[in-house]
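Laboratory data are not the source of any read-out in this text; all were calculated from the coordinates shown. The model shown is predicted, which means the values in this text are computed figures rather than measured ones. Reconstructed Cβ throughout: ideal geometry from the backbone, glycine too, with neighbour counts over all protein chains shown.
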């Protein structure tokens, strides 16, 4: 519920300005109250706490006589008359996204935009890092929790994304997949897992499961910074920065000093204006990590995430170093069974598939039959047990029935999360061993493979992102939208 005491915003720009004004005012009120409490033990008043609430964004669609817009866009659609609401956090950082979502609703549907203060209080850890202040204060976290709003798990959830929200007659419908408190929760988790500020995450994301890809990415990024490209800087875990024109020796010192090993899923950001750069996240091995990081990356509404990692080839004709373009997934990861049951098909997205195949041809120089020999398209088995080979007699029949051509531990989870959270997804894997055919991953052979294959594989993933940037108008597939979607992407 909210206070309906503000006039409608006349334009999208005015609405965004109002969101920023309300959020900044609420944040400053909460920060000031915290600082007074830490310094003087002054307890916050009810009025002070009421001022520290997220802004609320409302769309009202009432013009049923207007012709229904016809477009291929997968978002910015109003399917029913009435009001749609969401709370908003960090509107300045999300301004370009919000503008993109609001503009068609205002211009094509004639919807009215309203902005006001909500009653959803901002938890104090989301506006102030109290670590330094607490070190010298006579209070602790428990003291703060008694006086100030704290994160409540009961208020954080994915009911809207999962289609489990409860619509009550006469109440507004959801405007976005995630409200402010859900977004803020994930922003804090991103900092914890990746080791860098969430503001550095770019709109184009690569996920990998080997640190060797990181080494190649860092070298590739340095070359782009030195080539007069649009990229601004490379940001490493710990928020260490490599800038254009930086001396090579100095850059190497910065890279060597990056404490990436302190973070569970370190991220590397080659930044560009408007977030048009590339973020690489080393998610490690396993479906649990894959779900965790994509749960949190999704609140940033990236344009896509692509999985580039290693797999076991399941066909005799495959060679070590060949590529697998996942066209379907046999999900044995079990991490999402309750949210996206395995009998729900996860469709391949043509826009992503074409970009990955085109990129493979451009980077390898192969065409036609030569490319088909290197690049196989088919089903990938995603397993939660790395030692599935020890159960081969049980696995053999299922692999045979699925016609799977590769096995890994993350791709099916990444794809299912993209499907669930409406983020375009794709997978290009590289065959590192052939467990069914006696070619297992031994130290010597594995080292030679990594040295030869990682660089080209990474380059294909990066080239695919370049192609998707050029084709973005068709990227956000309607396959990811249900019949009862929030208007925002």
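Data table
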| read-out | value |
| --- | --- |
| Burial ranking of peptide ranges 259-265, 211-217, 412-418, 373-379 (average Cβ count within 10 Å, highest at the top) | 412-418, 211-217, 373-379, 259-265 |
| Stretchable slack from residue 372 to residue 226, in nm (0.36 nm times residue separation minus alpha-carbon distance) | 49.0 nm |
| Mean Cβ neighbour count within 10 Å, used as a protection proxy, ranking 400-410, 293-303, 9-19 highest first | 293-303, 400-410, 9-19 |
| Volume of the Cα convex hull of the chain, divided per residue and given in Å³ | 176 |
| FRET efficiency, residue 103 to residue 81 (Cβ-Cβ, R0 22 Å, nearest 0.05) | 0.65 |
| Projected-area mean, the range 216-353, by convex hull of Cα positions, square nanometres | 11.0 |
| Considering only the chain, percent of DSSP beta bridges that pair antiparallel, nearest 5 | 50 |
| Translational D in µm²/s for the range 12-189 (Stokes-Einstein at 37 °C, 0.692 mPa s, Kirkwood Rh from C-alpha pairs) | 184 |
| Net length gained if the chain between residue 240 and residue 362 were fully extended (0.36 nm per residue, minus Cα distance) | 40.6 nm |
| Estimated 222 nm signal from helices in the chain, with DSSP H stretches of n ≥ 4 weighted -39500 (n - 2.57), rounded to 500 | -12000 deg cm²/dmol |
| Cα gyration tensor shape of the range 112-233, rounded if a/c is under 1.5, else prolate or oblate by comparing a/b with b/c | oblate |
| Estimated inter-spin distance, residue 199 and residue 253, nm [label 7 Å along Cα→Cβ] | 2.7 |
| Global form of the range 237-303, assessed from the alpha-carbon gyration tensor, a/c cut-off 1.5 | oblate |
| Cα gyration tensor of the range 194-479 - equivalent ellipsoid semi-axes, whole Å, descending | 30, 21, 19 |
| Segment residue 73-residue 155, length gained on full extension (0.36 nm per residue, minus Cα span) | 26.4 nm |
| From the C-alpha gyration tensor of the range 1-113, square roots of 5λ in Å | 35, 14, 10 |
| Gyration tensor (alpha-carbon) shape descriptor, the range 314-447, a/c threshold 1.5 | oblate |
